[in-house]
Amino acid sequence: MQQFRRIKRNIDGVLLLDKPLGISSNQALQVVKRLYQAAKAGHTGSLDPLASGLLPICLGEATKFSHFLLDADKSYRALVTLGSTTTTGDAEGEVLERLPVTTTLEELEAALKKMVGDILQVPPMYSALKHGGKALYEYARDGVEIAREPRPVTIHAITLERFDGEQFEMVVSCSKGTYIRTLAEDIGKSLGCGAHLGGLRRLTTAHFNLQDAVTIEQLDQMSLEQRDEVLLGADAAIEDLPQVIIDADSTFYLLRGQEVWKSGLSIDGLFRLYSAQGVFLGIGEQTSRGSIAPKRLLRQAG
């Protein structure tokens, strides 16, 4: 009996997904890929199964620009439980130690203030960081501890939302590579009572906001056409880059990998390229000669 094979679509764009609790970022990605019947897809920065919130997913040609979102600043709402540490730094792990909590609001605010700025973090063992080609969490599950070097990260701001004496909620704005679990543990350490992360929700990635995201349940109820309508353009991930429009002749040559000239251009770094008709072509960079060199072009641009 011949097996039915689903035809994959060359669909391009960025989906803002509100990832639910209980599944990995890759599992969420596979669901989205199936719902869109997409030939190619990738996410832009993992969220643990115990974390929910904004997970931008790039489809098709948009995957060429996903690294811009991986490197972007992010913000989170975090629930932190004082008085106990766990093996994983979050509520999923086994409790290692319990200590009495006598923290006052003033002490907590002072501890949070100390965390803002450029700090060093030791990545947790329960993370996807690789060592010898294997994720750290794989070693951790086998009871093996790997020495980790502290890494520099930047905490742009921490806002205390709620504190009941044993748990508090904070909104954290931070650079890429920040582990909120580690931040929670470090806050607990500085207060002398220990802490672990009780819950986490990602609110923003770069210029994207959770309030604009859709859930898997919402996607599931949509027709394929409706799903396509909620997709942002393939250039959505890089809308912070300057924009340059080139004429038809330049578009023709650029799409064949050639450098093109545009008078009066003076831009440092990468920029978005569009045809005169407003079609997104990809990203380019100005050469020392003043011409435009293509850096990453869309497959079917033009």
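Every read-out reported here was derived from the displayed coordinates using simple, explicitly stated rules and does not represent laboratory data. The model shown is predicted, which means the values in this text are computed figures rather than measured ones. Methodologically, a virtual Cβ is constructed for each residue, glycine included, from the backbone with ideal geometry; neighbour enumeration extends over all protein chains shown.
Show me 67-79, 221-233, 193-205, 161-173 ranked by packing, highest mean number of other Cβ atoms within 10 Å first.
Taking the mean over residues of other Cβ atoms within 10 Å, the ranking is 193-205, 67-79, 161-173, 221-233.
Find how much the distance from GLU239 to ASP73 grows on full extension, using 0.36 nm per residue of separation minus their present alpha carbon separation; answer in nm with one decimal.
Difference between extended and current length: 58.3 nm.
If R₀ is 51 angstrom, what is the calculated FRET efficiency for the pair SER190 and LEU265, using the beta carbon separation as r and rounding to 0.05?
Plugging the Cβ-Cβ distance into 1/(1 + (r/R0)^6) gives 0.50.
Check each of the GluC sites (Glu not before Pro) in segment 1-110 and keep only those in coil by DSSP with at most 11 other C-beta atoms within 10 angstrom; list them in order.
Details: sites: GLU61, GLU92, GLU94, GLU97, GLU106, GLU107, GLU109; in loops: GLU92, GLU94.
When the GluC sites (Glu not before Pro) of segment 1-110 are filtered for loop state and at most 11 Cβ neighbours within 10 Å, GLU94 remain.
In whole Å, what is the distance between the alpha-carbon centres of segment 231-281 and segment 22-60?
Comparing the Cα centres of segment 231-281 and segment 22-60, I get a distance of 28 Å.
Compute the signed sum of charges (Lys and Arg +1, Asp and Glu -1) over the other residues within less than 10 Å, Cβ to Cβ, of GLY83.
That works out to -1.
Across the chain, how many lysine pairs, 8 or more apart or on two chains, come within less than 14 Å at their alpha-carbon atoms?
Working: LYS8/LYS33; LYS8/LYS40; LYS19/LYS33; LYS40/LYS64; LYS64/LYS295; LYS74/LYS176; LYS114/LYS189.
Close lysine pairs under the 14 Å cut-off: 7.
For MET222 and SER175 in one chain, what is 0.36 nm times their gap in residues minus the Cα-Cα distance, to one decimal in nm?
13.5 nm
Could you please report the charge total around SER173, scoring K, R as +1 and D, E as -1 over all other residues with beta-carbon less than 15 angstrom from its beta-carbon?
Net charge in that neighbourhood comes out at +2.
Quick one: which of 248-256, 52-60, 15-23 comes out on top by average Cβ neighbours within 10 Å, and what's the full order, highest first? Don't jump to the answer; show the numbers that get you there.
Numbers: 248-256: 15.8, 52-60: 24.6, 15-23: 19.6.
Top to bottom by mean Cβ count within 10 Å: 52-60, 15-23, 248-256.
Mind pulling the angle between the C-alpha long axis of helix 105-115 and the longest principal axis of the chain? Nearest 10 degrees, somewhere in 0 to 90.
For helix 105-115, the angle is close to 40 degrees.
What FRET efficiency comes out for ARG141 versus THR102 if R0 is 51 angstrom and r is the Cβ-Cβ distance? Round to the nearest 0.05. Spell out each step's value before the answer.
Working: r = 35 Å, r/R0 = 0.68.
It comes to 0.90.
How much length is gained on full extension from SER288 to HIS207, taking 0.36 nm per residue of separation minus their Cα-Cα distance?
Between SER288 and HIS207, full extension yields an extra 26.1 nm.
Using a basic spin-label model with each label point 7 Å from the Cα along Cα→Cβ, how many nm lie between PHE252 and GLN37?
It is 3.6 nm.
Just want the answer: with Cβ charges of +1 for Lys and Arg and -1 for Asp and Glu, which residue in LEU255, LEU55, THR81 is farthest toward the dipole's positive end in the chain?
LEU255
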